[in-house]
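One structure is given here, and the rest of the page talks about it.
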Amino acid sequence: MRQTVAERISNRSPHGIAAGIASLINSGELAPGERLPTVRELALDLGVSPATVSAAWQRLSGLGLIISRGRSGSFVRATNRQWMPPRFRPLARQSDATRLDLSTGTPDAQLLPPLDHALSRISPGAATSSYLDRPVIDELDQLLRKQWPYPVESLTVVDGALDGISRALDSILRFGDGVIAEDPGFPPVFDLLDHLGGVRLPVGLDHEGIVVDDLAHALNHHPRVLVLQPRAQNPTGISMSHRRAEQLARVIGGHPNGEELIIIEDDHSGSISSSPLISLVEWLPQQVLHLRSFSKSHGPDLRIAALAGPPRLVDPIVSRRILGPGWTSRMIQQLLYELLSRAESITQVARARREYRNRQQNLVSTLQHAGVPINRPGDGLNLWLPVGNERSAVVQLAASGIKVAAGSAFQAEAGEPGEFIRISLGQLRGDVSEIGGLIADAAR
């Protein structure tokens with residue numbers, strides 16, 4: 001192992017040594033818990049001073065990749081992540097010691113509306129007086145229906161976007177059913193489909209949304225469900241155009257297998273998206289479940305989203321929930337109502353929407369100025385960036401204290417062509433010139 005480590009390090013600066021070790025750890029060639037060469041051993045093998053290796057070790061320790069145990073030596077950090085779904089684990093390989101974490105879609109806490117006033121207005125009426133009360137409180141139900149982008153037949157509240165997708169799939173999907181999934185797409189959806197026995201039917205994306213020909217081909221396999229993100233698609237930031245939505249609806253409506261297809265629309269970043277919402281409900285109202293989450297705009301820990309559609313699709317979800325959690329906390333519902341109706345909160349969410357748009361444009365402008373071609377900025381919290389080598393880019397940025405997400409986690413099928421990283425903008429505050437320069441270097 002000692003010889004392998006030395007052979008894999010070509011750049012013998014502290015930064016280069018740290019990057020080489022990080023690459024071996026991230027690839028699995030250095031396993032969790034494995035003992036590393038001592039500082040003096042590696043310095044001798046590389047022909048550098050012990051101080052140079054020690055500086056590299058300090059950087060790796062700061063990133064949470066290795067741990068020192070005194071005289072016993074330094075070891076690859078072994079962290080138990082088995083409680084995480086498979087596609088989440090790669091994102092957790094580095095610790096919170098990362099200088100700047102751009103790997104997760106967590107919103108900027110400074111841009112969320114404050115909760116103090118809304119909390120002070122929660123009334124005793126928000127409490128549950130009976131287990132048979134309606135799952136959604138009246139004032140929130142009325143407000144959501146008023147703000148919904150189309151007339152609503154049935155509406156309920158669930159514990160976040162992923163909970164809504166999970167419950168919809170539980171209600172609709174049978175083992176072995178085909179599910180049309182965006183590629184690239186949201187990794188937890190892939191994990192959910194694997195867990196439920198759904199067969200993924202990947203469809204590609206262009207700058208207007210799902211590729212029409214890919215959808216037509218997937219429909220030949222008798223799919224049961226289509227899961228799509230109509231705007232601020234994660235990871236690409238693509239928002240579906242009205243023209244593309246009409247084309248997709250025409251293909252579905254005209255295909256022999258299209259009538260049985262159920263469409264789950266995940267509008268996870270609606271309130272902070274700069275693009276208008278385009279929904280297939282306009283053409284296929286009886287086949288669409290539309291989900292709107294408030295985590296990105298109003299706070300991840302609220303764990304609340306609204307789900308609407310025809311009664312034949314919504315009512316079984318409500319009925320099944322009664323046999324589990326029953327309902328989303330009515331106090332949380334009251335809190336969301338206050339946030340959605342109070343002028344100060346509405347203003348703050350609008351400010352966040354503008355700020356995320358500015359961050360997206362500033363980073364894209366910086367990268368373009370550095371010679372990294374990007375056709376157009378996306379929408380929402382994420383930037384999908386093509387790179388020369390995905391693993392190299394992730395490791396190089398990690399060695400600089402910047403954590404990004406490897407694009408392979410977002411691919412519906414392993415081995416698809418293209419090298420990408422996903423950059424999330426939640427923590428990208430202020431001047432982006434330095435960070436943009438480091439990202440540009442890694443992308444090349």
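Results, tabulated for the structure shown:
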| read-out | value |
| --- | --- |
| Strands (runs of 3 or more DSSP E) lying entirely in segment 198-288 (those with 3 or more residues that are small (Gly, Ala, Ser)) | none |
| Residues (farther than 21 Å from TYR356 by Cβ and of a type in the set (S, T, N, Q)) located in segment 253-274 | ASN257 |
| Segment 167-176, residues that are in contact with a strand residue (DSSP E or B) (Cβ under 8 Å, 6 or more places away or on another chain) and open to solvent by 20 Å² or more (accessible area, probe 1.4 Å) | ARG167, LEU173, ARG174, GLY176 |
| Residue that is surrounded by the most Cβ atoms within 10 Å (Cβ to Cβ), among those in segment 48-64 that are modelled with pLDDT of 90 or more and outside any helix (DSSP H, G or I) | VAL48 |
| Sole residue being modelled with pLDDT of 95 or more, of a type in the set (S, T, N, Q) and crowded, with 24+ Cβ neighbours inside 10 Å, chosen from GLN247, GLN233 | GLN233 |
| Residue match in segment 102-121 (condition: assigned to a helix (DSSP H, G or I), without any contact (Cβ under 8 Å) to a residue 12 or more places away in the chain, open to solvent by 20 Å² or more (accessible area, probe 1.4 Å) and of a type in the set (Gly, Ala, Ser)) | yes |
| Among the residues listed as ALA370, ALA409, ALA399, the single one being in contact with a Gly (Cβ under 9 Å, 6 or more places away or on another chain) and open to solvent by 10 Å² or more (accessible area, probe 1.4 Å) | ALA370 |
| Total residues in segment 304-319, condition touching a Ser or Thr at 6+ places or on another chain (Cβ under 7 Å) and outside any strand (DSSP E or B) | 8 |
| Pairs where the first residue, in segment 1-25, is more than 18 Å from SER400 (Cβ to Cβ) and of a type outside the set (S, T, N, Q) and the second is open to solvent by 20 Å² or more (accessible area, probe 1.4 Å) and in a helix (DSSP H, G or I), C-beta under 6 Å, 6+ apart | ALA6/ASP45 |
| Any hit, segment 245-255, residues being of a type in the set (Asp, Glu), on the phi < 0 side of the Ramachandran plot and within 19 Å of the chain's Cα centre (by Cα) | no |
| Residue list for segment 370-401, restricted to those being in a helix (DSSP H, G or I) and without any contact (Cβ under 8 Å) to a residue 60 or more places away in the chain | GLU390, ALA393, LEU397 |
| Boolean, GLN361 is of a type outside the set (A, V, I, L, M, F, W, C), modelled with pLDDT under 95 and under 20 Å from the mean Cα position of the chain (by Cα) | yes |
| Subset tally (residues that are at pLDDT below 85 and either closer than 13 Å to ALA398 by Cα or exposed (fewer than 13 other Cβ atoms within 10 Å of the Cβ) (or both)) for segment 2-15 | 5 |
| Scan of segment 211-229 for residues that are under 24 Å from ASP379 (Cβ atoms), of a type in the set (A, V, I, L, M, F, W, C) and more than 18 Å from the chain's Cα centre (by Cα), ordered by number | VAL211, VAL212, LEU215, LEU226 |
| Complete set of residues in segment 319-361 that are exposed (fewer than 14 other Cβ atoms within 10 Å of the Cβ) and of a type in the set (Ser, Thr, Tyr) | SER319, THR347 |
| Search result, residues across segment 1-37 that are assigned to a loop (DSSP other than H, G, I, E, B), more than 19 Å from SER68 (Cβ to Cβ), touching a helix residue (DSSP H, G or I) at 6+ places or on another chain (Cβ under 6 Å) and not charged (D, E, K, R) | ILE9 |
| Sole exception among (1) of a type outside the set (A, V, I, L, M); (2) open to solvent by 20 Å² or more (accessible area, probe 1.4 Å); (3) more than 21 Å from PRO285 (Cα to Cα) for GLY160, by number | (2) |
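The values are calculated or read from the model by the stated rules, or taken from the named source; none is laboratory data. These numbers were taken from a predicted model, which means no experiment stands behind them. Heads up, the Cβs are rebuilt from the backbone with ideal geometry, glycines too, and the neighbour counts pull from every protein chain shown. Accessible surface areas use protein heavy atoms only, side chains included; no ligands, DNA or RNA. Shrake-Rupley method; radii C 1.70, N 1.55, O 1.52, S 1.80 Å.
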